[in-house]
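Novice: Below: one structure in structure tokens.
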Amino acid sequence: MPTERLADLGEFGLLARIRARLGSSYLGDDAAVLPRTAGMELLATVDAQVDGVHFLRERMVPQQVGRRAIAVNVSDIAAMGGLPRFALVSLLVPADLSVAWIEALYDGIRQETVRWEMQVVGGNISGTPGPLTLDVAVLGEVETGCALTRRGARPGDPLFVTGDLGRAAVGLHLLRRGESGSLVDAYCTPVPRVGEGRALLRSRLVHAAMDLSDGLGSDLYRLCEESQVGAVIEVAALPISGEVRAAAATVGLDPVGLALFGGEDFELVVAAASNDAGTLQRVVAEVGTPLTVIGEVRPAGEGVTVHLPDGSKRPLAGGWDHFPGRHA
Ligand SMILES: [Mg+2]
């Protein structure tokens, strides 16, 4: 049987099949009518994933591409301490993609939305002369007035990070070499820190938080700008696993550079009062994730710096010689 193409089936034919696959009760009208929960505010975020920039179609199965596009958006809801609820998916498809591939992509979208108890409530599909692109919007909810934000970090606050760093960046290098395993999975299907964000919100102890999509080396500047503070990162304190160090060695990359600038880890960076450090570490540990102190918030005039194990200090931006590009 010849491979079925979008042109054979038509956009409406494909949409009907995808609707059946997604099993969402919100699809079928011009716009979705969505319920809201009393006492909650709406969170909204959008992020486009482009083949060759944010994922590698040739190296990933379609389910991974679909899951990743949802997960990176859910991470932004997690960063605010919220619960993801709804997703809208706009898909731009090059002519060479088969209908079976697109259906498998939506299977991945469904897997990831089911995981977070979300529903796909809208979207569209169009042909494109450009690369495969998934533009996903996610709506979430958070208790009114309680959202975690990037504002509020104060000089003297310890800086924390969930989990460990550099996994996705080294995983991308392994993926390019055709390898598989847990580090490759960390890149292909990142796990947004929803439970951790909820635990942090419930603690009511967080001064500022954000998720790490581009890497600490650039995202920390955004948090510092919004809070109008500086920061220092202790390189020796960065949580970098033995697995990441070993894999970095095999691809000839500096694990610290990967941890700071590799990006795509989707961990949370958090600032809170030093007196509350133990409590915060305990509530996040209850979700199953370590929360590591990696540095300290400083006055704005000190800028954003890194402390090296030899005692020297340098600006975080441009201060590292061997960092890899973040993009696929
Ligand atoms: Mg973000």
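The values are calculated or read from the model by the stated rules, or taken from the named source; none is laboratory data. All values derive from a computational prediction rather than experimental measurement. Methodologically, a virtual Cβ is constructed for each residue, glycine included, from the backbone with ideal geometry; neighbour enumeration extends over all protein chains shown.
Novice: So, restricting to strands (runs of 3 or more DSSP E) that lie completely within the range 100-181, which ones have at least 3 residues that are surrounded by fewer than 22 Cβ atoms within 10 Å (Cβ to Cβ)?
Specialist: Where strands (runs of 3 or more DSSP E) fall fully within the range 100-181 and carry at least 3 residues being surrounded by fewer than 22 Cβ atoms within 10 Å (Cβ to Cβ), they are 119-127, 133-143.
Novice: Please state which one of 273, 248 is aliphatic (A, V, I, L, M) and either crowded, with 20+ Cβ neighbours inside 10 Å or in contact with a strand residue (DSSP E or B) (Cβ under 6 Å, 6 or more places away or on another chain) (or both).
Specialist: 248
Novice: Now for a separate question. Do you know which residues across the range 213-229 are acidic (Asp, Glu) and closer than 17 Å to residue 76 by Cβ?
Specialist: Residues satisfying the conditions are 214, 219, 226.
Novice: While we're looking at this one, here's another question. Exactly one of (1) surrounded by 20 or more Cβ atoms within 10 Å (Cβ to Cβ); (2) under 15 Å from residue 134 (Cα atoms); (3) not hydrophobic (A, V, I, L, M, F, W, C) is unmet by residue 90. Its number?
Specialist: Only one criterion is unmet by residue 90, namely (1).
Novice: OK, next. Taking the options 25, 90, name whichever one is at pLDDT below 95 and not in a helix (DSSP H, G or I).
Specialist: So the residue among 25, 90 that is at pLDDT below 95 and not in a helix (DSSP H, G or I) is 25.
This table checks each residue for (1) touching a helix residue (DSSP H, G or I) at 6+ places or on another chain (Cβ under 7 Å); (2) within 14 Å of the ligand (Cβ to nearest atom); (3) in a strand (DSSP E or B).
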site	(1), (2), (3)
195	no, no, no
198	no, no, no
209	yes, yes, yes
214	no, yes, no
219	no, yes, no
224	no, no, no
231	yes, no, yes
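Novice: Would you say residue 74 is within 28 Å of residue 269 (Cα to Cα), part of a helix (DSSP H, G or I) and in contact with a Pro (Cβ under 8 Å, 6 or more places away or on another chain)?
Specialist: Yes; evaluated as a whole, the condition is true for this residue.
Novice: Hey, can you tell me all the residues within the range 64-77 that are within 9 Å of the ligand (Cβ to nearest atom) and small (Gly, Ala, Ser)?
Specialist: Residue satisfying the conditions is 75 alone.
Novice: Now for a different question. Report, by residue number, each residue of the range 132-171 that is over 17 Å from residue 209 (Cα atoms), of a type in the set (Val, Ile, Thr) and touching a Ser or Thr at 6+ places or on another chain (Cβ under 6 Å).
Specialist: Of everything in the range 132-171, just one residue is over 17 Å from residue 209 (Cα atoms), of a type in the set (Val, Ile, Thr) and touching a Ser or Thr at 6+ places or on another chain (Cβ under 6 Å), namely 138.
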